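None of the figures in this text is laboratory data; all of them are computed from the coordinates on show. Here the structure is a predicted model, which means the values were calculated and not measured. Positions of Cβ are backbone-derived with ideal geometry, glycine not excepted, and every protein chain shown enters the neighbour counts.
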């Protein structure tokens, strides 16, 4: 299990990816070292998301992976491990009785191994009332959260 990935690390990785061609280089590294994550974004299951949402998923997954690399050696994701994590996470979400998106996520925050990464995912897929250019649609929010949470679970296993 990985040590805690702090919000400070996550923010620093996000800022570093915004410099020059760091994002392109990092995507290539992730494609080599974590091909299952990149394949997930290109899979048939992800065709329900817009191209912008798929790109955003890759960007967020990249931040999570690079952040995890800063504190240790994340596990190598496999399609089977991601699928198993997704099934578990969907089961948790389906049992949630919350009425709003954030309330439905409460069970995930009851005893998280990586609270800052989880909060990062929640914030990233949440609607920003001040920003009309929200990338993740209201319809895609839960599915995007589950996909990213599943990638996180596999990386920190």
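Go ahead and collect, in residue order, the members of region 6-24 whose backbone nitrogen is under 19 Å from a label point 7 Å along the Cα-Cβ direction of residue 115.
6-11
Which of 86, 53, 15 ends up with the largest GNM mean-square fluctuation for the chain, with Cα atoms connected below 10 Å?
Of 86, 53, 15, the Gaussian network model singles out 15 as fluctuating most.
With each run of n ≥ 4 DSSP H residues scored as -39500 (n - 2.57), what mean residue ellipticity at 222 nm is computed for the chain after dividing by its residue count and rounding to the nearest 500 deg cm²/dmol?
So the helix-based figure for the chain works out to -20000 deg cm²/dmol.
Given R₀ = 30 Å, what would the calculated FRET efficiency be for residue 84 paired with residue 18, taking r from the Cβ atoms and rounding to 0.05? Mind dumping the intermediate values first?
Values: r = 33 Å, r/R0 = 1.11.
The value I calculate is 0.35.
May I ask you to compute the full-extension gain from residue 29 to residue 134, defined as 0.36 nm times their residue separation minus their alpha-carbon distance, rounded to one decimal in nm?
Details: separation 105, 0.36 × 105 = 37.80 nm, distance 2.76 nm.
The span from residue 29 to residue 134 would gain 35.0 nm if fully extended.
In a Gaussian network model over the chain where Cα atoms closer than 10 Å are linked, find which of 97, 67, 126 has the largest mean-square fluctuation.
97
Report the full-extension gain for the segment residue 1 to residue 76: residue separation times 0.36 nm, less the Cα-Cα distance, to one decimal in nm.
25.7 nm
Tell me the label only: which of (i) 54, 38, 31; (ii) 79, 53, 34; (iii) 41, 36, 33 is Cα extents along the principal axes in Å as calculated from this structure?
Checking each listed value against the structure points to (iii).
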